[in-house]
Each structure stands twice: as C-alpha cells, then as structure tokens.
Amino acid sequence: MASGLRLSCQSFNFSSWQSPIPARVDRFQILCSNLPHSAGAEDSHCIKEDNEAPFVLLEKYGNGTSKRFILESDLLIRTILEENGSPETNVMQNSLIEESDNYLSWLPKTIKDFILPAGFPDSVSDDYLEYILLQFPTNVTGWICHTLAVGVGSFSGTTAAASAAAIRWVSKDGIGALGRLFIGGRFGNLFDDDPKQWRLYADFVGSTGSIFDLSTQLYPAYFLPLASLGNLAKAVGRGLRDPSFRVIQNHFAISGNLGDVSAKEEVWEVAAELVGLALGILALDTPGFSSSYPTLTVTWLGVRLLHLWFRYLSLSVLRFNTINLKRARILANSHISWQKIPGISDCNKMENILVWEKFLKPKITFGVPLEVMINGKKPGSLVKILLKLYAKEKYFLVVNQRGTEFEIFVSFKEEATSLSVLRSVWQSYWLHQNRSKSDDVLSQLEQSLIALNNRFDDFLLQLERTGWETNQMYLKVPKEISIQEQSPASS
C-alpha cells in the first residue's frame, strides 16, 4: 500500500545508508508495504493511482528490494517499497542481470556474496567454480590428516588422543579458521583496492595475537581463552596478509611471470626465516636471557616494533600505476589546485597507507539513499533540479548541509562505472576548494559541473601521459544502492 510522503529537513538518520534498506527518516511519514501478485481491491486501487502519477526514480538495493519515488508536487513525494517478487521489480531488470542472478539461483544471495567473488560469474574465468569445488574436498581431506596426525603422535591406546585432537582444533585451528573464514567472506573485495594498507594492517593484527600468546605466562589460569584469542588474531592477520600479498605479487609480474616471481619471493622468505631462526636461537641460548620473562618480553617488543617499521618502509616504496580512491583523491586535488597531476612515484609517496580512505578529508560518502540527499523544504523541486543538473552524469552529488564539517553525499545511477566514481571525486574536491559561506548550494553545484565538463578531459589526458592505468581503475561503484531514472510512461 502506498501513502503520501511529505519530506522535512529535520531529524534525519544519517546512518541509514549502511544497511541494505534505508531506515525510515524520523520526520518522513512512510507507510510502505509489499505489492503482492494477487492484490485485493484496495491494493488494485492504489496501483492504479500509482500508474496515474508521474513516476520519477527507482532506488534499488543490494538485497533485491527497491523503492519508487513518485513526484506529486514540489512539496510532496510519494514512495512505494517493493519486496522481492514484485512484478514491477522483475520487469525492470534487463536480460544480462537476470542471467547473472539465475546462475546458482538456488543459493541465497547472502551466501553467494560471502563465498564467491563480487560480480560472479562475469568477474572470473569460466573454470573458476569447477576448480573451487574440487579444492574444497582437497582441503577437507588435508585437514582430516592434520587432525589425525595429532592423535597418532600422542597415541596411548585410550581416548586421550581423540580428546587432544579435539582440544587442539577448538583452541587453535578451529577458532583460527573461523577468523580466516570471516575475513575472506566479508572483506574479500577490499584487497584489490588498497593492498598496501591491508598488508600493513595484517601485521598489526598479527602482533596483537602474539601479545595474547605472551600474556598466557602472566595469567596461566586463563590460558585457553588467551591462547584462543591469540590464534584468532593471528588467523585474521593471515586472512588479511595472504590476499593483499598476492595482489602485490601480481603487481610485480609485469611480464606474466607470476609463478617465477612467487618462487623467488619464497627464496627470499626462506632465507630470511633461516637467519631469523639462527638469531633467535642465539638469543635464547644466551645465559640468563630465556629465564627472565621481563627481558624476553621487552626484547620481543623491541624487535616487533622494528619489524613493523621495516614493513611500513617496504610497502611505502611500492609504485602502483592503478588508481584507487586514495590516489584518485591526490590526483584530483592536485589537478584542481595546480592544473597538473603528480607522477606515479610521487603520488604513491604521498599516499597515506596507515589511514583508511573513509577518514580522509574532505569526507565523501558513496551510496547514500535518495531520502537523505533530498532534505530541503521543497523535496519535489529539489529532485527536479538534481535530475536536470545531473542529466548527463551517472550519479547524483550534493553537499550535506546539516553536518558540522564539509561532507559530500554521492548516489550512483544504475549504469555508473569507475569513471563515474572518478568524476564524482573530482567534483567533490572542486566543491571543497571553492566552497563559500553562501546558502546557494545549488548554484555551487552548477558551477562545479561546469568546471567538471570543461576540465575533466584535460585531467584524463594528463593521467594517460604520466602513465596511469585509466582502462582499469579500482574505483568500485557501491552495489548496495543504485538509482534508475524512468519516464512517467514507463511506470
């Protein structure tokens, strides 16, 4: 059932875009429900009224639901929330999306997103699924052998062997495996964007796990929980380390020689392992060293800090020619400020690998629901203006006027690409550098779009001249929310 919706500019819940379906805004009076296949007389009447109204925008969410925004007047917008299976929702999907969605359609979308790469099956080769399905029993049998080996090693003809294997699995391998499972399933799509940052974070998390291990000597009564937390933290660290390191190795293999690069990396790693083991054994063999817990702990802490410093230095020298959000920010800011962009080496040196991109200034929030963006006294009029301003763009961008700090809200149209993300970043930095205390924000948006159209081609040209990879940018369009424009006739 649809209901009238009068928008107000008070009491917005700005955390709403973090969930698949935006939470209701406090001052929004939304009464939305499913549109079933066999609706009654009352629902049929509502649908008829909807068809008579000028349909403007369809906001789609990652879980398959969608919300229609129907423009009634400059002051009034009506919304209809459509659940899965709604006839309108199915008709709006194109054939390519339907084909992708029908692939493994029996598998719930949440599980599919957790165990398969983003964009599957189009984002991987044809043999990926078959390989993974065969790898799973391979790994299962390997871990069965690993568990049984514990029992064989402690065999005494009793059930003690089985108990020892079970306790070892729960306290170490099992909890650690859960950590790696969570990282791979939940954050797998982040490693391509910023491998340097996640490789460094992996060492920080792994160091935390070692601290838990050291604490077991101070609190022997809590050995099992401390050891379990230590293994969990180290497993999470490995879950962050391995994928990001593979991306870095792939960066090195510019001649398609990934196997050779990986093999030589193994040589360096084993050599370092042997030297480290020799020095560690020499330290432990020093009289009075291993018997003093404070001395051992302080030495470990000093070496660990040195290890983290070397890790930071090694990652800082990497020079990626691909564009992620951090480097896109640096490039856009430089082009707007000085009409030129830094080279690959200089830009990578300027990139802060310690800070998460979301904490950089100016703050740019992608994938914001339309309800949050149109927070003026005349929402219908604002929607008309935004549709006109961004008719040639594949996104909508506004300045958050309710926050204490400068913040940009961006929502992408259904056909948006990585280039759309780059354009929105450039426009955001232009607005940040040219912001004024004037209340005429729409005029500033119009000026920023004029500057974008006049100067963005030069920006792309400079990127190509300095060697940046513009055909494959790691600027992902958020899939949780997308907006589709429709004419009144298509509603």
Exercise. Given V270, V247, which one is farther than 23 Å from F120 by Cα, among the β-branched types (V, I, T) and part of a helix (DSSP H, G or I)?
Worked result: V270
Problem set entry | Filtered residue count, the stretch 46-72, keeping only those that are at pLDDT 70 or above and more than 25 Å from E415 (Cα to Cα) | 1
For this session: Using the structure shown, decide if R304 is open to solvent by 40 Å² or more (accessible area, probe 1.4 Å) and of a type in the set (K, R).
Result: yes
Exercise. Do we have any residue at all in the stretch 298-319 that's touching a helix residue (DSSP H, G or I) at 6+ places or on another chain (Cβ under 7 Å), farther than 27 Å from V205 by Cα, touching a residue at least 60 places away in the same chain (Cβ under 8 Å) and not polar (S, T, N, Q)?
Worked result: no
Exercise. Within the stretch 447-467, how many residues are in a loop (DSSP other than H, G, I, E, B) and not β-branched (V, I, T)?
Worked result: 1
Exercise. Within 21 Å of S210 (Cα to Cα) and either open to solvent by 90 Å² or more (accessible area, probe 1.4 Å) or among the charged types (D, E, K, R) (or both), is that true of Y222?
Worked result: yes
For this session: Tally the residues that are part of a helix (DSSP H, G or I) and surrounded by fewer than 13 Cβ atoms within 10 Å (Cβ to Cβ), restricting the search to the stretch 332-344.
Result: 2
For this session: Within the stretch 361-417, work out how many residues are among the aromatic types (F, W, Y), open to solvent by 40 Å² or more (accessible area, probe 1.4 Å) and out of contact with any His (no Cβ under 8 Å at 6 or more places or on another chain).
Result: 1
Exercise. Which condition does Q217 not pass, out of (1) among the polar types (S, T, N, Q); (2) without any contact (Cβ under 8 Å) to a residue 40 or more places away in the chain; (3) touching a helix residue (DSSP H, G or I) at 6+ places or on another chain (Cβ under 8 Å); (4) open to solvent by 30 Å² or more (accessible area, probe 1.4 Å), if it passes all the others?
Worked result: (2)
For this session: Could you list all residues from the stretch 189-207 that are crowded, with 16+ Cβ neighbours inside 10 Å, assigned to a helix (DSSP H, G or I) and in contact (Cβ under 8 Å) with a residue 12 or more places away in the chain?
Result: P195, K196, Q197, W198, R199, L200, Y201, A202, D203, V205, G206, S207
For this session: Answer with yes or no whether E485 is farther than 30 Å from G64 by Cα and open to solvent by 30 Å² or more (accessible area, probe 1.4 Å).
Result: no
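The values are calculated or read from the model by the stated rules, or taken from the named source; none is laboratory data. Values in this document were obtained by computation on a predicted structure and should not be read as measured data. Backbone-built Cβ (ideal geometry, glycine too); neighbour counts: all protein chains shown. Surface accessibility is based on the protein's heavy atoms, side chains included, excluding ligands, DNA and RNA. Shrake-Rupley method; radii C 1.70, N 1.55, O 1.52, S 1.80 Å.
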